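Only the coordinates and a few stated rules stand behind these numbers; no lab work does. What you see is a predicted model, and the numbers here were worked out from it, not measured in a lab. Neighbour counts run over all protein chains shown; Cβ positions are idealised from the backbone, glycine included.
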Amino acid sequence: MIDVYKAIELYKLHTHEIVGAVFDIGHSFVISSIDETGEDLDTSPLAINKANGEITVYFPPDHWEELDKAIEIEIPKAYR
């Protein structure tokens, strides 16, 4: 089982970007990026599956209903 800390580590290994936000959508963590000034990057977030760590592109318009129910997770500064 992948916890939020492991999901962030996988995300950073995969993208080398700054974590902007993390959402728990039940089966996965959805993670988006920001730049050095704190502005959102114009890229799709990634979903990290909690069961197996699989990383997939998460296109928000295809998942509005799921995102409406998502729980935002506070990111420790060490993981930004």
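Annotations
- Residue count, region 59-75 (criterion: within 14 Å of the chain's Cα centre (by Cα), assigned to a loop (DSSP other than H, G, I, E, B) and not small (Gly, Ala, Ser)): 3
- Residues of region 1-57 classified as surrounded by 14 or more Cβ atoms within 10 Å (Cβ to Cβ), hydroxyl-bearing (Ser, Thr, Tyr) and over 9 Å from the mean Cα position of the chain (by Cα), total: 2
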